[in-house]
């Protein structure tokens, strides 16, 4: 089973201040853990291209794209909101993150690799078509999914989001689109305080309270996600892989561990094998305790690559 690992050097140049949790150290730690776990040589390393503005426009308005491009500063920071800042490398990094997700999708659909993990930042699942927010500039995963649907012509895809926060941006892109089933769990109440009202039929949101542990999450996946995914029979699966639901990650208060992420990934892979020719693209979202992040990503990639 060939698993591609997509990233780009520019993704480590975007930063939002020394104390910001969404830091370049996240990707460096993932790199280190791949090496120490001895799986670095077992994945296919690919450098992402930069997404074009036309590709970004598959999801985002031209005004949103222009705002990020034009407000990327020559030095210092430009605040888009209280948590989301631009530095001189942000425009390039955002295009690299989006480009990785799109390139991974192309590679999987062209049969070059079976699946892919995109080690990218800034993350994306809070970015709506017309607003960057929540550490996110462009919605990398939504762009990849739109590429599969609108460029490659897939008829049914699934999106799985296991970040501790609701993927409000992804929901905004795909709500009421019958081609897409999105399944997620997330801590509630928690930023961005969405995902519990006025839900369209193709969104299967599972809000859970703080301190929910992995055993309950597994039960919810079995009871709700898996029947819906079997019913939808997706031709490709996209994963918003946020690892901030880990019990060591203080940005949220859920109780997952590496074994839970491996188990969830295995359930997704079984669905993908049955309906999708094992076609999966996973994009990094949250995860801010770097040790927990590195360990969890390794657990996730081992299942993607059939190493466990």
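Coordinate-derived values only; no laboratory data. Remember, it's a predicted structure, so these values are computed and weren't measured experimentally. Virtual Cβ from ideal backbone geometry, glycine too; neighbours counted across all protein chains shown.
Taking 0.36 nm per residue of sequence separation and removing the Cα-Cα distance, the residue 253/residue 62 pair yields an extension gain of 65.1 nm. As a calculated quantity, the FRET efficiency between residue 44 and residue 150 at R0 = 35 Å, using C-beta atoms, amounts to about 0.85.
Were the residues from residue 35 through residue 201 laid out at 0.36 nm apart, the gain over their Cα-Cα distance would be 55.5 nm.
When each of 78, 275 is scored by the number of other beta-carbon atoms lying within 10 Å, the sequence from fewest to most is 78, 275. Where both bridge residues fall in the range 3-304, DSSP classifies roughly 10% of the beta bridges as antiparallel. For the chain, the relative contact order works out to 20 percent when only alpha carbon pairs closer than 8 Å and six or more residues apart are counted.
Ordering 6, 33 from the fewest to the most neighbouring beta carbons within 10 Å gives 33, 6. Going from the residue with the fewest nearby Cβ atoms within 10 Å to the one with the most, 248, 15, 47, 285 rank 47, 248, 15, 285. Using all Cα-Cα distances in the range 3-304, what percent lands in each 20 angstrom bin from 0 up to the longest? Here the calculated profile for the range 3-304 is 38, 60, 2. Here residue 176 and residue 226 are evaluated by their C-beta separation; at R0 = 22 Å the FRET efficiency comes out at 0.45.
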